[in-house]
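Presented below is the structure to which this report refers.
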Protein chains: 2
Amino acid sequence: MANQSINPNLRAKRKAHPRKAEDYVAGIVQGNRVVLSKAITLVESTLPKHQALAQDIIEQCLPYAGKARRIGITGSPGVGKSTFIEALGQQLTSLGQQIAILAIDPSSQVSKGSILGDKTRMIELAANERAFVRPSPAGTTLGGVARKTRETIILCEAAGFDTIIIETVGVGQSEIAVHSMVDCFLLLLLPGAGDELQGIKRGIVEMADILCINKADGNRVALAKRARQEYRNALHLFPPKTSGWTPKVLSCSALEKQGIDDLWETVVAYFEQTTTSAYLAQKRAEQSKFWLQETIDAALRDWFMQQPQVAAQLADIEQAVLARKISSFKGADLLLQLALEPK
Amino acid sequence: MANQSINPNLRAKRKAHPRKAEDYVAGIVQGNRVVLSKAITLVESTLPKHQALAQDIIEQCLPYAGKARRIGITGSPGVGKSTFIEALGQQLTSLGQQIAILAIDPSSQVSKGSILGDKTRMIELAANERAFVRPSPAGTTLGGVARKTRETIILCEAAGFDTIIIETVGVGQSEIAVHSMVDCFLLLLLPGAGDELQGIKRGIVEMADILCINKADGNRVALAKRARQEYRNALHLFPPKTSGWTPKVLSCSALEKQGIDDLWETVVAYFEQTTTSAYLAQKRAEQSKFWLQETIDAALRDWFMQQPQVAAQLADIEQAVLARKISSFKGADLLLQLALEPK
């Protein structure tokens, strides 16, 4: 789908400042980046008025969503994620794709969007009209940030992007959130063997569909080759994923733009296999159910903890459990009796 | 602590049929196996009267609990778990230990306790007066079965067992439940490389503190040796666990009772290291908090789903989400509005 925002005729037909959900949706579906950006700002807003409008826009965009490839990318700081995403983004836009790059960074509550926040990190992509770069939303909880990102995916898909890349750092919970909203999960690694995963949590390796050793350039080529073989051997020992897909290990140099085409072909092969096997459709259905349940659970927990009697007793009961004066189950029962009607 | 249940003097002092929680607790603390068994039956009962009594007993046993080593054991069917536990049990009782063997098997709802249910699988241990073997409790949910097992651990610890072994099958969720209630998690593997983990879920390998290749006997000795080296190489590539403990890979023949002593020394080394580093105390505190939160979450979810308006609408809203007529978040909000007071 061509980027309609640069079509002056279309631009003239639309209102400069959309007010109603329908106006936003019309602009988004036509690929207007300015309207899309404004809608995302509403999604990120904490004002109830903005939130109500954002929810309307999202619901109306849903029928147009779901067609993009959703790709999660993670890796330790220093692995070269920005350079890699620049190289991948150039590769995809040169193939005629429209791409959106989002981020989840729970630390952005403090730094106001540290990942991608500094757009100068991706100079070429920022200037590429086929690419749309958006920093991580700020938020008080990872759950909140993740929800906003997932809603932003819906808007970007309605805007016709072919590929949506969601970046995160390899430090734990945020990977699990990203994993639950993407189709394909990519882990970037450094050349050298054994200790380069120090910053990556166990389990993140397990989630990856594709591992890619970056910085395979200069005097690191041999090192990268060896690391690639060692990871292949290691992964071979682990059981197959429920996708039926065997995780692939590749190497590339984002700096020299080497190996990016091979990587993309592997991503395409992943989508072909999982689409044919219907695994992808099943995965997305499970993700939807996951977010339905997750949102309910989080809201129930918030509601429960905010009940005045629970809030007043929680710390004492937790202490009693930790001091083994009462069991965890007894502690839970005591708190539950405070908030829920007696059985 | 000696097994008091075989002391006729003590037996004569106690009532044959304890009625009050205090009677049960006195019997349990003195190591009376008959009283312990009856108390566990109360824990497993669904009758409210029995449950109330069971909770009283558990709370009164808490001050005596917490001193045992809690060890989880898993592995695919066919890996020889029963033979292994027999061999380990004999090793430990020959060292003068009192051991309890429990099981978590969510499929036991159907089979009424398939793991350990057939006590003839462990003929020697069943006849060993230093060993206490109890099948998996039946239950309608894994959460329910897990709670009963965790409560049973408290009773067994109060009864003075030195080591508590919790067995499960390598098929998924039950491992996570076991992992959240043991100090040390042991994964049994078959000799041969690569594909022997087929039945084990990814992630279970990650949870293991010790991997042990069983059936390293006869013409499988060389195969086991190679598998051991390959797993060591593979694990080396993965990041260290938060315990600071590097997972060890051993081999043994439970049938020929070879390598069991080495295995136990490794378990002891694990406990020494994690006790010294205070990781074990921290892990147990986190497990207590986990069960407190988990019990609250499960109860809130049950309560929510049982609200008549939610129950009436749930299927329709879930369908609308899966058909992408509404987003997961909108679906959750609609359901939440039905049960919770308006904000």
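The values are calculated or read from the model by the stated rules, or taken from the named source; none is laboratory data. Everything numeric here is computed off the predicted structure, so don't read it as measured data. Here Cβ is always computed from backbone atoms with ideal geometry, including for glycine, and neighbour counts include all displayed protein chains.
What to note about this one:
- Every residue from segment A:255-306 that is within 29 Å of A:Thr83 (Cβ to Cβ) and part of a loop (DSSP other than H, G, I, E, B): A:Leu255, A:Glu256, A:Lys257, A:Gly259
- Of the residues screened, B:Asp209 is one that is more than 12 Å from the chain's Cα centre (by Cα) and modelled with pLDDT of 90 or more.
- Residue match in segment A:101-123 (condition: part of a helix (DSSP H, G or I), at pLDDT 90 or above, hydrophobic (A, V, I, L, M, F, W, C) and touching a Ser or Thr at 6+ places or on another chain (Cβ under 9 Å)): no
- Scanning segment A:124-175 for residues that are under 18 Å from A:Thr74 (Cβ atoms), part of a loop (DSSP other than H, G, I, E, B) and hydroxyl-bearing (Ser, Thr, Tyr) yields a count of 2.
- For segment A:39-50, the set of residues classified as of a type outside the set (Gly, Ala, Ser) and out of contact with any Pro (no Cβ under 7 Å at 6 or more places or on another chain) consists of A:Ile40, A:Thr41, A:Leu42, A:Val43, A:Thr46, A:Leu47, A:Pro48, A:Lys49, A:His50, listed by residue number.
- The one condition in (1) exposed (fewer than 13 other Cβ atoms within 10 Å of the Cβ); (2) among the hydrophobic types (A, V, I, L, M, F, W, C); (3) touching a Gly at 6+ places or on another chain (Cβ under 9 Å) that B:Ala281 fails to fulfil: (3)
- Segment A:16-68 - residue that is in contact with a strand residue (DSSP E or B) (Cβ under 8 Å, 6 or more places away or on another chain) and part of a helix (DSSP H, G or I) and, of those, nearest to the other protein chains (Cβ to nearest Cβ): A:Leu36
- Within segment A:286-303, residues that are closer than 10 Å to B:Leu336 by Cα and more than 7 Å from every other protein chain (Cβ to nearest Cβ) reach no partner that is modelled with pLDDT under 90 and not in a helix (DSSP H, G or I) with beta carbons closer than 8 Å at six or more positions or on different chains.
- Qualifying residue in segment A:311-332 (condition: touching a Phe, Trp or Tyr at 6+ places or on another chain (Cβ under 6 Å), of a type outside the set (A, V, I, L, M) and touching a residue at least 60 places away in the same chain (Cβ under 8 Å)): no
- Selection count, segment B:215-232, where residues are in contact with a helix residue (DSSP H, G or I) (Cβ under 7 Å, 6 or more places away or on another chain) and within 14 Å of chain A (Cβ to nearest Cβ): 2
- One residue stands out in segment B:321-339 among those that are surrounded by fewer than 16 Cβ atoms within 10 Å (Cβ to Cβ) and more than 8 Å from chain A (Cβ to nearest Cβ): the one that is farthest from A:Ala54 (Cα to Cα), namely B:Ala323.
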